[in-house]
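Quick note: the coordinates plus some simple rules give every number you see, no bench work behind them. Predicted, not measured: the structure shown is a model, and the values here were computed from it. Ideal geometry is used to build each Cβ from the backbone, glycine not excepted, and the neighbour counts take in all protein chains shown.
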Amino acid sequence: MKSLFWDKIPDARLAGSVWQSFAAADWVDFDEIEERFQQAVRNKNLDASKAAEKPKQLNLLDLKRCTAVGIRMARLKVPWQGVGAAILSLDGTAFEGAEDIGTVLQCLPSEEEKGVLQAYRQSGKPIEAVSEAERFVMSLMDVPRATPRLRAFALKFTAAEKAAEATAVFRDHISACKELQSSATFKQLLAATLAVGNFLNHGSRLGNAPGFRLKGLNKLHDSRSTDGKSTMLQALARQVLARGKDIAVLSEELPHVISSKLKISWQEAADMLDQVEAAAQQISRELEQATQQPEAAAAAGDAAAPQQQQGGDSSSSSSSSSQSIKVFVGVNKQQHGGSSGESAHGTPGRGSSRPSSAGGAAAAASKGPPSHSSSSSSPAQRKQQQQQQQAGSKEDDKQQQQQQDGGDSPGGSRRSSSAAGSAADVAAAAAAEAEAEQSLVTVRIVVDNFVPVMSRVLASIKGCQAELALLRDRSASAWEALLRHYGETKQSVPTDTEFWADMQVFVERFSSAQKAVLQEEKDAAERKQRLARAEAKKAAAEAAKKVTALAASSSSSRKKQLWLCGSGCFRCRAAA
């Protein structure tokens, strides 16, 4: 029986408790309780049989390595069975950014892991015995040049990010230089600062200055008044705002000067342009290597194959395409008792071929994946292949018809064969067909889109590269023009980042001072309005009080006159 776990009350506490009032519960059906809550007896033989039926999982790779691969598999945008095909076709849905590509790159097998997995695959043991992570790594082995292919495709995203960031930096540099030269408020500020500085420095070596370096603007915040309640910056802000309504807050006229993009130096943005150029060069090398390999394979195949085409066929065979088709071949899972969605190589979504064509596909796969497909051949070749296939099928149908006609003719010698021999042939054919059905070869054809996709990426990067080069030259010219405009040189300004950092601090401080002055003026105007309203209200109250007093005095005088008369004469009644 199962146990009911509780805490027993000691006997010393039972006196006067409710537990002493309970009688024996004879109405409880203990048979039902025993039937429902009896201890389950485990069948050791059944457990042992289940353990024997469960296949034992093998660990070919290190456990930490399998765990790391499993974690990265959870981050994939597509099922792991389709990653190999996505690498070949460069599927944008599978790789939405450089992080997705980096995840797959970390799952690619090393040379040592390739040796271990390849040895297990060649041993003929079932693939289902290994973990899912190892099957994923094993499927990546079938992808040719997976590492350089993924690294080149990752440049599509990294180069775009670098180009976008460099473009923003160059544009903000150009806009900031133009704003600082054309700002009316900044010009009024410089004029007022120069006048005040020469007034204060009169008679000293610093007086009578025609101009000053812009880095001295931040010192205005350190110069305080005699009472210590204000600074020179606040006084200048008040003086500049008193010029008129056309003077605006400085930060509103210089929005790009306080941009965060100016914290990135011009040289860093130029280095980003160099990285984009390096990415374009690397993609160009990968494209050259990708186009040279199919051409070399096609040249080797043409040299080994007998010359069967003459004349017009030679001109059509010379045309080739940069796209190649990769064929993944594996034994159907029915042979190992697994699911039909995967092959022995772990590649998904393959369609089963006919037994007669499975042998040809396996033979073709044993020689390696073809470098060119029928889709990449010329239209004349495709038409000729279709005609040959149709002619071959018609010839087979004709031979079968002749055999049937010969067997049905009265003089045929095959008619004299025994029924037992015919039955044996039929049974042998059925057995051969069943055996072929059990060993179907699954094939998946994936078009290699590396050349067309990366060609478009290269064209896009080169377009961004040309635009960035133009922006780089424009920003350099704008920076030099700004320095000349304010009498600065590249030697007097250490770096552009330090210059813009000082200007950002000053613009923020001066804008704060302007806003404080404007707020004070606004508060003063509101106080003046409140005082005016209060005075008007007070005057109205005093006028009303006077009117009330005047009315009261006139009423009392009339009553007094009536009381003095007392006789009720006509004149007193008229006054009343």
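Key figures for this structure:
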| item | result |
| --- | --- |
| Rough spin-label spacing in nm, given labels placed 7 Å along Cα→Cβ, for residue 165 and residue 25 | 7.3 nm |
| Radius 10 Å from Cβ of residue 237, net charge of other residues (Lys, Arg +1; Asp, Glu -1) | +3 |
| Low-density loop positions, trypsin sites (Lys or Arg not before Pro), region 440-533 - DSSP coil, at most 16 other Cβ in 10 Å | 490 |
| Three semi-axes of the equivalent ellipsoid, region 130-213, Cα gyration tensor, whole Å, largest first | 65, 14, 10 |
| Per-pair calculated FRET efficiency, R0 = 41 Å: residue 99 and residue 485 via Cβ, rounded to 0.05 | 0.40 |
| Spread of Cα-to-Cα distances over 10 Å intervals beginning at zero, given as percent, for region 88-138 | 21, 43, 27, 9 |
| Per-residue HN-Hα couplings for region 500-512 [Karplus 6.51, -1.76, 1.60; θ = phi - 60°; Hz; x = Gly/Pro] | 5, 5, 5, 5, 5, 5, 5, 4, 5, 5, 5, 5, 4 |
| Rough spin-label spacing in nm, given labels placed 7 Å along Cα→Cβ, for residue 129 and residue 145 | 3.6 nm |
| Selected from 78, 116, 95, residue furthest toward positive end of dipole (region 72-118; charges at beta carbon) | 78 |
| Modelled FRET efficiency - R0 45 Å, residue 209 with residue 470, Cβ distances, 0.05 increments | 0.70 |
| Using a Förster distance of 35 Å, the FRET efficiency for residue 288-residue 112 (Cβ separation, nearest 0.05) | 0.70 |
| Formal net charge of residues neighbouring residue 457 (Cβ-Cβ distance under 12 Å; K, R +1; D, E -1) | +2 |
| Distance between modelled label sites at residue 222 and residue 539, nm, 7 Å Cα→Cβ extension | 5.3 nm |
| Proximal charge balance of residue 200 [Cβ under 14 Å; K/R count +1, D/E count -1] | +2 |
